[in-house]
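Derivation of every value follows stated rules applied to the coordinates shown; laboratory data play no part. Remember, it's a predicted structure, so these values are computed and weren't measured experimentally. Don't worry about glycine lacking a Cβ; one is built from the backbone with ideal geometry, like all the others, and counts go over all protein chains shown.
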Amino acid sequence: MRIVVVGNGVAGMEAALAVRRRDADATITVVSEESDHFFSRTALMYVLCGQLSHRCIEPLERGVYERLRLTRVRARATGLDPEARLLTLADGRTLAYDRLLIACGSRPRPAPWPGSGLRGVGHFVTLQDLAWLEAELHGQQSEPRPPNEWAHLSVSAADSPYGRREVAAETRGRTCGSPLVIGGGLIGIEAVETFLAAGRSPHFVIREDRFWPNPISAAESAWVAEALRGHGALVHLDTHVESMVGDGRGNVDRVVTDKGPLDVDCVVVAIGVVPNTEWLGEAVERDQSGGIVVGDDLQTSAPGVYAAGDCASVRWFDGQRRPEQLWYTGRDQGRVAAQALLGDDVRYRRSTWYNSAKLMDIEYTTAGLVGLDLPGESEWFYEETGAVKSTTRIVSRDGAVIGFNFLGRRWDHEVLIRWINERRSLAWVLDHLGAARFDTELVPPLVIPAAAR
Ligand SMILES: Cc1cc2nc3c(=O)[nH]c(=O)nc-3n(C[C@H](O)[C@H](O)[C@H](O)COP(=O)(O)OP(=O)(O)OC[C@H]3O[C@@H](n4cnc5c(N)ncnc54)[C@H](O)[C@@H]3O)c2cc1C
């Protein structure tokens with residue numbers, strides 16, 4: 001059995017490891033354009049902040065390919081012939097397969113504004129983006145590395161999300177002092193945090209009238225914006241970017257918005273990600289977003305070809321198909337894809353939604369269905385304003401809790417999900433809320449007064 005996996009992110013690597021666990025003889029080839037080693041994309045910001053080294057964010061030891069006999073190919077896949085069962089690489093080589101898993105992830109959504117191609121404008125999604133931002137911000141990569149440690153970083157042309165970026169700081173002769181981040185989602189706020197950690201006061205331009213409008217309420221959003229401002233970010237809500245203007249030498253110098261111009265010398269565009277699937281052309285069916293349409297067994301429209309992770313358009317709880325751009329769903333899909341590659345009759349079932357993050361110093365936990373305004377739902381809300389500031393939102397429907405949204409405290413999503421699956425009532429959940437508590441040491445417990453129930 002010749003198994004080829006495109007992508008060494010969490011979906012691709014989980015699949016390769018799970019196949020090897022079951023099948024000692026399969027030939028497994030892992031193709032990766034971005035990097036030699038699997039790394040945690042979710043932890044990129046900690047490297048940029050100088051809190052973790054590059055090696056620290058690699059979940060597996062570097063010898064894993066040799067130890068588990070995974071053949072590693074560092075190249076860009078450029079085409080697929082499903083009838084001939086051949087994958088084409090940019091250097092002209094072809095790889096024959098019996099089963100193929102496409103786990104090629106996302107690329108940043110491109111900036112639509114005139115001037116977006118100026119030096120000093122980029123994204124924060126790939127390893128090459130990290131190298132670019134480190135150079136813009138620190139003038140060099142943040143940790144001393146052996147010579148050529150970064151030489152493996154790019155094998156790609158500049159138009160690839162994994163291509164090497166030109167650095168404005170190099171042509172200016174100084175690192176960036178006035179950065180700007182566009183886009184009020186999680187990647188945007190992470191970029192803002194890295195600039196703050198480096199002692200800059202970044203502009204944060206958000207098109208909507210509040211930060212992260214879908215997952216959190218207006219009041220919660222105002223709280224996050226206040227925290228950002230308190231740390232020195234210059235938050236511009238309800239502001240639309242119109243263009244970017246250069247300094248005459250190809251470097252970004254100004255961002256023009258509908259509220260006026262902003263002087264900048266580095267811009268991170270964080271307006272979402274899209275499936276990184278253009279290279280597949282018509283070889284497999286893709287949805288409007290570019291996501292590879294898969295059945296519940298993660299098989300694509302081409303026989304023997306499967307897809308998993310950010311690039312796969314899977315069935316959601318509402319019956320619609322779209323990509324799930326999350327680490328843990330990529331991991332779960334990779335594991336299911338491994339079973340499918342080995343011929344098992346298997347189904348990927350989306351488990352109950354959860355997510356957690358830290359928005360500046362505000363903890364955020366969500367689980368289940370919140371903010372969807374489903375018919376018949378009711379929402380219970382409590383704001384804590386003592387030694388700890390926090391908000392608790394619990395959504396119920398048909399007598400059972402279906403979702404949680406918490407800010408300011410840390411909660412154990414596994415307990416919350418269990419309660420949702422057990423269809424617990426709001427009264428029962430409020431009585432037992434302490435069991436889901438996940439606060440750090442010395443944080444006093446949440447006490448909800450009887451009158452607030
Ligand atoms: C800054 C940031 C923070 C995030 N934080 C969180 C978080 O807190 N929680 C969370 O759940 N999710 C988070 N995410 C999302 C999460 O990282 C992704 O959902 C997850 O990494 C996707 O994994 P994947 O394996 O599908 O794809 P990827 O990790 O994108 O891996 C795809 C791999 O495919 C390879 N590839 C792509 N195209 C080709 C090609 N043509 N030829 C050869 N190889 C190719 C590349 O080498 C790439 O490494 C974050 C994302 C970013 C960018």
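Which FRET efficiency value, to the nearest 0.05, do you get for residue 414 and residue 240 by plugging their Cβ-Cβ distance into 1/(1 + (r/R0)^6) with R0 = 41 Å?
Working from the Cβ atoms, E equals 0.50.
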Residue span residue 426 to residue 72: 0.36 nm per residue of separation minus Cα-Cα distance leaves a gain in nm of 122.3 nm
Quick check on segment 110-269: of the DSSP beta bridges with both residues there, what percent are antiparallel, nearest 5%? 40 percent
Loop-located GluC sites (Glu not before Pro) in segment 226-333, at most 12 other Cβ atoms within 10 Å (DSSP): 282
Take every Cα-Cα distance within segment 236-338, group them into 10 Å bins from 0 onward, and report for each bin the whole-number percent of pairs it holds. 14, 33, 17, 20, 15, 1
For an R0 of 41 angstrom, estimate the FRET efficiency from the Cβ-Cβ distance between residue 358 and residue 25 and round to the nearest 0.05. 0.40
Rounded to two decimals, what is Rg over Rh for segment 155-198 when you use alpha-carbon atoms and the Kirkwood radius? 1.04
Give me D for segment 1-95 in µm² s⁻¹, whole number, from Stokes-Einstein with Rh from the Kirkwood sum over alpha-carbon pairs, 4 °C and 1.567 mPa s. 90 µm²/s
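Could you pull out the GluC sites (Glu not before Pro) across segment 366-446 that fall in loop regions by DSSP (anything but H, G, I, E, B) with no more than 16 other Cβ atoms inside 10 Å? Each step should come with its number before you reach the end.
On the way: sites: 377, 379, 383, 384, 414, 422, 441; in loops: 422, 441.
Qualifying residues, ordered by number: 422, 441.
Rg over Rh of segment 174-324, using C-alpha atoms and the Kirkwood radius, what does it come to?
Using Cα coordinates only, the ratio equals 1.09.
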With r as the distance between the Cβ atoms of residue 98 and residue 398 and R0 = 41 Å, compute the FRET efficiency 1/(1 + (r/R0)^6) and round to 0.05. 0.30
With both partners inside segment 1-149, how many of the DSSP beta bridges are antiparallel, as a percent to the nearest 5? 35 percent
Summarise the long-distance tail of P(r) for segment 294-370 by giving the % of C-alpha pairs beyond 21 Å. 32 percent
What's log10 of I(q)/I(0) for the chain at q = 0.08, 0.11 Å⁻¹, Debye sum over Cα points only, no solvent? -0.51, -0.97
For the chain, with the dipole built from +1 on Lys and Arg beta-carbon atoms and -1 on Asp and Glu ones, taken about the Cα centre, which of 252, 84, 212 lies farthest toward the positive end? 84
Name the residue farthest towards the positive end of the dipole of the chain from the options 175, 367, 70, assuming +1 on Cβ of Lys and Arg, -1 on Cβ of Asp and Glu, about the Cα centre. 70
So which GluC sites (Glu not before Pro) in segment 47-107 pass both tests, a DSSP loop state and at most 14 other Cβ atoms within 10 Å of the Cβ? 61, 83
Take every DSSP beta bridge with both residues inside the chain and express the antiparallel ones as a percent of the total, to the nearest 5. 60 percent
Checking the a/c ratio against 1.5 first, then a/b against b/c, what shape does the Cα gyration tensor give for segment 354-452? prolate
Can you tell me what percent of all Cα-Cα pairs in segment 110-269 are more than 19 Å apart? 54 percent
Calculate the all-directions average of the projected area of segment 288-332's alpha-carbon convex hull, and give it in nm². 3.2 nm²
All other residues with a Cβ under 9 Å from the Cβ of residue 135 taken together, and with Lys, Arg as +1 and Asp, Glu as -1, what is their net charge? -2
Taking every other residue with Cβ under 15 Å from the Cβ of residue 118 and scoring Lys and Arg +1, Asp and Glu -1, one gets -3
